[in-house]
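This report concerns only the one structure given below.
Every read-out reported here was derived from the displayed coordinates using simple, explicitly stated rules and does not represent laboratory data. Here the structure is a predicted model, which means the values were calculated and not measured.
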Amino acid sequence: MSDPSEPRREGGVSDALLDELLRAAAADRAPLPPGVAEDVERFIAGRCRRRRRTLAGLAAAAAVVLFACCWWAKRSLDPGAPGVRSPRPVPAVARSASAPVAEVTVSAGADTIAVPVRQGHPTVTIYRLYAAVGPPRPERR
């Protein structure tokens, strides 16, 4: 009943019966129940699909946030945007005319400050225009 190469254990009949049952169970492995492998594959595939959907949603949200930030930055820094005050001076560029112009008059509104900039040419004056910032004026009634 027992193999002489195995170490001998001291014990009763119940230990010998237990050893015999363990040897029989190790020799005759039961196959997996039907459908277990398919269930595991389905579980893994579903988890991968959920992970892909989550990552795609996060990527779409990041793209929307990036687009909104770029739009906001461009709108706030673009001096030509309507209704937005410029945080920096806006240089006015004159178009070249076919005939030389002797004098040009530029009128600035009450909410604009014009500051002359000295140049090397005696007949050329460049003005930098700034948006005037101050306390709001009371409305007339």
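Once the Cα-Cα distance is subtracted from the 0.36 nm per residue extended length, the C70 to S14 segment shows a gain of 12.2 nm.
Annotation: amide H-H contacts under 5 Å for R128 (H modelled 1.01 Å from N, sequence separation of 5 or more, or interchain): V115, V117.
With 0.36 nm allotted per residue and the present C-alpha distance subtracted, the R42-T123 stretch has 20.8 nm of extension available.
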